[in-house]
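Novice: Supplied in structure tokens, the structure appears directly below.
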Amino acid sequence: MAKRDYYEVLGVSRDASADELKKAYRGLARRFHPDRNPDDPAAEDAFKEATEAYQVLSDPEHRKRYDRFGHAAFESEGPGGFDPSDFGSVGEILEGFIGEVFGGRRRKRPGRDVSVEMHVRFEEAALGAQKTLEVRRPMPCDRCEGSGGEPGTTIRSCPTCEGRGEVRFQRGFFATMRACSACGGTGKKVETPCSKCSGSGRVEGTDELSVKIPPGVQDGAVRTVRGAGEEGPGGAGDLHVTIRVEPHPLFETRGADVLCTVPVSFPQAVLGATLDIPTLEGKVHMKLPPGTQSGKIFRLRGKGIPVYGGAGKGDQLVTVVVEVPEKVSREQRRLISALAEEMGTETHPQQAGFLAKLKGLFD
Ligand SMILES: [Zn+2]
Ligand SMILES: [Zn+2]
């Protein structure tokens, strides 16, 4: 295939200024960069073509020769000839562009994220807490202080990458930076590996982390601790903590409200009583008025859970259930029978109403 005209490749006129060339190339590089188009040979070819065109036209001497002789200017290997396979400088062009075009230096890969579960008590989830979490993860080796070298021995710079930890990977016209495989990206060459970590510089260890449990957190919520994941060449990943709220023997939640059920005896329901009610913050007294029906719900204002991310607190809702004795003594049975005779239906208005309706239904 015939080589396309360099000006045409960049989409600029023959009298384009240096700035116009640069702008045009930057646009094409952004579009066709191999990092953005992995495994796309067409994009790779377009990137190479644009880079070659820019390489030639951005050099005033080469541009002059190209304007006079076209592609023929670089076909001979004579003195002053230009060999497009010698693209050491393209890497430099690219490195300059990486900052401008792709927003900052190439980032080294951070370590992996780690996910753990943390169990918290109901009260801790409701009221908030500061918890210590033990996480098993690779940590810097204490024997060699993470260097990987046996203490007292020499650690040299990696000869492959000259201590930089990354190498330029040349592929045709473009160059990219890769982590150095000889040293694993550390930039160091260990002569005598540390006897504890075998030269890796890391050992499995237990890390203690402080995790803040916000008040009102729900079961299944995830807290992220930045930088507490695995270490990598570009820093540590994050730790994701899934919060598991343990069930409470007495309480359930509904939003910011706490629900509980309290059994009372028949005499307490009839005569009234003062009850000890458990709340998140300890016992409180609650007055049970005389004649309380089973199933009645009482509201203890402000005894619930702090509203997540907001002001105020929920309430505690106390459901009173009248407990009917399943077993009674002979004496109790006699007294209750006497009571039933004494009370009659007039003391049970609900029952009287029900019987009246029942009668009307079948007459
Ligand atoms: Zn070590
Ligand atoms: Zn290296």
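Novice: Would it be correct to say that residue 253 is under 30 Å from residue 318 (Cα atoms) and either in contact with a Leu (Cβ under 9 Å, 6 or more places away or on another chain) or more than 16 Å from ligand 2 (Cβ to nearest atom) (or both)?
Specialist: Yes; evaluated as a whole, the condition is true for this residue.
Novice: Now a separate question. Could you give every pair whose Cβ atoms fall below 6 Å, whose first residue belongs to the range 129-152 and is farther than 10 Å from residue 206 by Cα, and whose second residue is of a type in the set (A, V, I, L, M) and within 12 Å of ligand 1 (Cβ to nearest atom), counting only separations of at least 6 or pairs across chains?
Specialist: Within 6 Å, the pairs are 141/203; 147/155; 148/190; 149/155; 149/190.
Novice: Could you list, in sequence order, all residues of the range 127-150 that are more than 30 Å from residue 259 (Cα to Cα) and over 22 Å from the mean Cα position of the chain (by Cα)? Before the answer, list the steps.
Specialist: Of all residues in the range 127-150, those more than 30 Å from residue 259 (Cα to Cα) come to 134-150.
Hits for the range 127-150 are 140, 141, 142, 143, 144, 145, 146, 147, 148, 149, 150.
Every residue, every condition in (1) of a type in the set (D, E, K, R); (2) out of contact with any strand residue (DSSP E or B) (no Cβ under 9 Å at 6 or more places or on another chain); (3) surrounded by 13 or more Cβ atoms within 10 Å (Cβ to Cβ); (4) modelled with pLDDT of 80 or more, yes or no:
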residue: 45; (1), (2), (3), (4): yes, yes, yes, yes
residue: 48; (1), (2), (3), (4): yes, no, yes, yes
residue: 58; (1), (2), (3), (4): no, yes, yes, yes
residue: 63; (1), (2), (3), (4): yes, yes, yes, yes
residue: 69; (1), (2), (3), (4): no, yes, no, yes
residue: 74; (1), (2), (3), (4): no, yes, yes, no
residue: 92; (1), (2), (3), (4): yes, no, no, no
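Novice: Moving to a separate point now. For residue 116, all conditions in the list (1) modelled with pLDDT under 85; (2) more than 16 Å from ligand 1 (Cβ to nearest atom) hold save one; what is the number of the exception?
Specialist: Evaluating residue 116 over (1) modelled with pLDDT under 85; (2) more than 16 Å from ligand 1 (Cβ to nearest atom) leaves (1) as the failure.
Novice: Residue 185: assigned to a loop (DSSP other than H, G, I, E, B), more than 16 Å from ligand 2 (Cβ to nearest atom) and within 27 Å of the chain's Cα centre (by Cα), yes or no? Give the derivation first.
Specialist: Working: assigned to a loop (DSSP other than H, G, I, E, B): yes; more than 16 Å from ligand 2 (Cβ to nearest atom): no; within 27 Å of the chain's Cα centre (by Cα): yes.
For residue 185, the condition - assigned to a loop (DSSP other than H, G, I, E, B), more than 16 Å from ligand 2 (Cβ to nearest atom) and within 27 Å of the chain's Cα centre (by Cα) - is not met.
Novice: Cβ-Cβ distance below 7 Å, separation of 6 or more or different chains: which pairs start in the range 174-196 with a residue that is on the phi > 0 side of the Ramachandran plot and end on one that is of a type in the set (Ser, Thr, Tyr) and away from ligand 1 (no atom under 14 Å from the Cβ)?
Specialist: These pairs meet every condition: 187/157.
Novice: Does the range 201-220 include one or more residues that are free of Cβ contacts under 8 Å to residues at least 60 places away in the same chain, outside the structural domain of residue 45 (by TED's automatic domain parsing) and either part of a strand (DSSP E or B) or farther than 30 Å from residue 257 by Cα (or both)?
Specialist: No: zero hits.
Novice: Going by the structure shown, is residue 124 among the acidic types (Asp, Glu), exposed (fewer than 13 other Cβ atoms within 10 Å of the Cβ), closer than 30 Å to residue 256 by Cα and more than 16 Å from ligand 2 (Cβ to nearest atom)?
Specialist: When the stated conditions are applied, residue 124 does not pass them.
Novice: Are any residues in the range 193-218 more than 11 Å from ligand 1 (Cβ to nearest atom) and of a type outside the set (D, E, K, R), and if so, which ones?
Specialist: Matches in the range 193-218: 205, 206, 209, 210, 211, 213, 214, 215, 216, 217, 218.
Novice: Still on this model: Checking residue 337 against (1) surrounded by 13 or more Cβ atoms within 10 Å (Cβ to Cβ); (2) free of Cβ contacts under 8 Å to residues at least 12 places away in the same chain: exactly one of these is not met. Which one?
Specialist: (1)
Novice: Do we have any residue at all in the range 310-318 that's touching a helix residue (DSSP H, G or I) at 6+ places or on another chain (Cβ under 9 Å) and not assigned by TED's automatic domain parsing to the domain that holds residue 349?
Specialist: Checked the range 310-318: no residue is touching a helix residue (DSSP H, G or I) at 6+ places or on another chain (Cβ under 9 Å) and not assigned by TED's automatic domain parsing to the domain that holds residue 349.
The values are calculated or read from the model by the stated rules, or taken from the named source; none is laboratory data. Every value quoted in this text rests on a predicted model; they were computed, and no experiment measured them. Every residue, glycine as well, gets a Cβ built from its backbone with ideal geometry; the counts of neighbours run over all protein chains shown.
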